[in-house]
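Enquirer: The following block contains the structure, expressed as structure tokens.
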Amino acid sequence: MTYRFTLQLISRWLWVFLAWLPSPCVGEDTQNDHAESVSAFGYYDERVATLAHKLAVANADFCTEREYRAGLTVHHLSQYDPPLRENLQRELALGVEPQVLALAATGPAEMAGLRVGDAILSIDGQDLNFFSIDHPMSVEPINTLQSLIDAAFEDGFARLIVETEGTERAVEIEAELGCRSKFYVLPSSKLNARADGMNVVVTSSLILFVQNDDELAAALAHELAHNVLRHRSRIAQASRLLENDRRAFSRFLRSTESDADLLSLELLQRAGYDPAAAISLWKRLGPKKESFFGSTSHPGWRERVYQMEQALEQFSSNGR
Ligand SMILES: [Zn+2]
């Protein structure tokens, strides 16, 4: 991949951001402000897909809302700005069918033989070649596509017909049960991560900022914890109930952050990541005013780090 350009994506992310309420981890952010190559972007998705799959599956029994997860991230030309499409068609052979953008390493889709770059022709007998690429970029096709994939995996299995360089093959995937949350990468120069109840979004800058997979897992686990604890809907409810008591509302917001911090340690531990990475990450993120961690709606980072250190000591004295 030799060219670089600003990814002007709308796709899966925009509606996530438009639909934002006063919610966990809100920081200043804008889209389309980060130049990335598509190859780098695919790498980010790959890394997030891998960590997200492990976190979601290892913690399935913590979650009341679950889904079968294949560890598969797809993309389609319609989600990109039309001027970019020619490049994508040439460089990635992205056509009318959706394509595999990323796979969770050793996840069900990869183990079944799916490969990044495979065009997906059909899923459980449903052809996927009806998505138009002649329209302005839109959220509709990728959302429809994701719904079709989710529906196909509702019973835990799906059979895909895929094509690479003119050769078709069938891939049968047995998905794994995990927490229900979709994980996305947003190209952005801001250090940020968010959760809205159904989705977790992490920026490309935060992925570059972390020192290792454990730290990235810590950021994802914190956001997943917000979803597991249904913070989005609880915050919406509290904002109505506490309309005339902004102090109480702020206190409530801060408590959701502390709760997400503490649950994230458990989620990390159960998925085999080092929970102490949450502390090292927040210690470096905390002093950065721009970070979602430094928002005024959040408790001070030193207090949060202290709470997590206390909780980790408790972990080790309980022999966990
Ligand atoms: Zn948060």
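Enquirer: Hey, can you tell me all the residues within the range 242-265 that are hydroxyl-bearing (Ser, Thr, Tyr) and under 25 Å from Cys63 (Cα atoms)?
Expert: Of all residues in the range 242-265, those hydroxyl-bearing (Ser, Thr, Tyr) come to 250, 255-256, 258, 264.
Matches in the range 242-265: Ser255, Thr256, Ser258, Ser264.
Enquirer: Look through Gly319, Gly300 and report the one residue that is within 16 Å of the ligand (Cβ to nearest atom) and modelled with pLDDT under 90.
Expert: Values: Gly319 fails: within 16 Å of the ligand (Cβ to nearest atom).
Answer to the check: Gly300.
Enquirer: Restricting to the range 63-73, name every residue that is surrounded by 24 or more Cβ atoms within 10 Å (Cβ to Cβ) and either among the hydrophobic types (A, V, I, L, M, F, W, C) or outside the structural domain of Glu46 (by TED's automatic domain parsing) (or both).
Expert: If we filter the range 63-73 for residues that are surrounded by 24 or more Cβ atoms within 10 Å (Cβ to Cβ), which is where we start, we get 69-73.
Listed by number, the residues that qualify are Ala70, Leu72.
Enquirer: Can I ask one more? Between Ala218, Ala238, which is within 16 Å of the ligand (Cβ to nearest atom) and free of Cβ contacts under 8 Å to residues at least 40 places away in the same chain?
Expert: Values: Ala218 fails: free of Cβ contacts under 8 Å to residues at least 40 places away in the same chain.
After ruling out the rest, the residue left standing is Ala238.
Enquirer: Could you tell me which of the residues Ala102, Ala109 is part of a strand (DSSP E or B) and buried (at least 16 other Cβ atoms within 10 Å of the Cβ)?
Expert: Working: Ala109 fails: part of a strand (DSSP E or B).
Going through Ala102, Ala109 in turn, the sole match is Ala102.
Enquirer: A further question follows. Can you confirm whether the range 172-185 contains a residue that is within 30 Å of Lys283 (Cβ to Cβ), among the basic types (Lys, Arg) and not in a loop (DSSP other than H, G, I, E, B)? So that I can check it myself, show each step before the final result.
Expert: First, the residues of the range 172-185 that are within 30 Å of Lys283 (Cβ to Cβ): 178-179, 181-185.
Then drop every residue that is not among the basic types (Lys, Arg), which leaves 182.
With the extra rule that they be not in a loop (DSSP other than H, G, I, E, B), the set shrinks to 182.
Checking the range 172-185: at least one residue is within 30 Å of Lys283 (Cβ to Cβ), among the basic types (Lys, Arg) and not in a loop (DSSP other than H, G, I, E, B).
Enquirer: Also: Hey, could you check the range 224-235 for residues that are away from the ligand (no atom under 11 Å from the Cβ) and free of Cβ contacts under 8 Å to residues at least 60 places away in the same chain and say which is nearest to the chain's Cα centre (by Cα)?
Expert: Across the range 224-235, the extreme among qualifying residues is Arg230.
Enquirer: Which one of these is farther than 18 Å from Glu46 by Cβ, surrounded by fewer than 24 Cβ atoms within 10 Å (Cβ to Cβ) and not basic (Lys, Arg): Leu262, Leu268, Leu208? Give the steps one after another, and end with the answer.
Expert: Numbers: Leu268 fails: surrounded by fewer than 24 Cβ atoms within 10 Å (Cβ to Cβ); Leu208 fails: farther than 18 Å from Glu46 by Cβ.
Within the list Leu262, Leu268, Leu208, the selection yields Leu262.
Enquirer: Collect the residues in the range 60-99 that are within 30 Å of Leu268 (Cβ to Cβ) and part of a helix (DSSP H, G or I), keeping them in residue-number order.
Expert: Kept after step one, since they are within 30 Å of Leu268 (Cβ to Cβ), are these residues of the range 60-99: 60-75.
Scanning the range 60-99 gives Ala60, Asp61, Phe62.
Enquirer: Take the conditions at pLDDT 90 or above and not in a helix (DSSP H, G or I) and apply them to Asp261. Does it pass?
Expert: no
Enquirer: Inside the range 189-229, can you point out the residues that are within 20 Å of Asp274 (Cα to Cα) and not in a helix (DSSP H, G or I)?
Expert: Hits for the range 189-229 are Ala193, Val202, Val210, Gln211, Asn212.
Enquirer: Take the residues in the range 119-156 that are farther than 18 Å from Glu86 by Cα and among the hydroxyl-bearing types (Ser, Thr, Tyr); name whichever of them is surrounded by the fewest Cβ atoms within 10 Å (Cβ to Cβ).
Expert: Taking the candidates together, the pick is Ser147.
The values are calculated or read from the model by the stated rules, or taken from the named source; none is laboratory data. Note that the structure is predicted; figures quoted are calculated from it, not measured. FYI the Cβ positions are ideal-geometry reconstructions off the backbone, even for glycines, and counts take in every protein chain you see.
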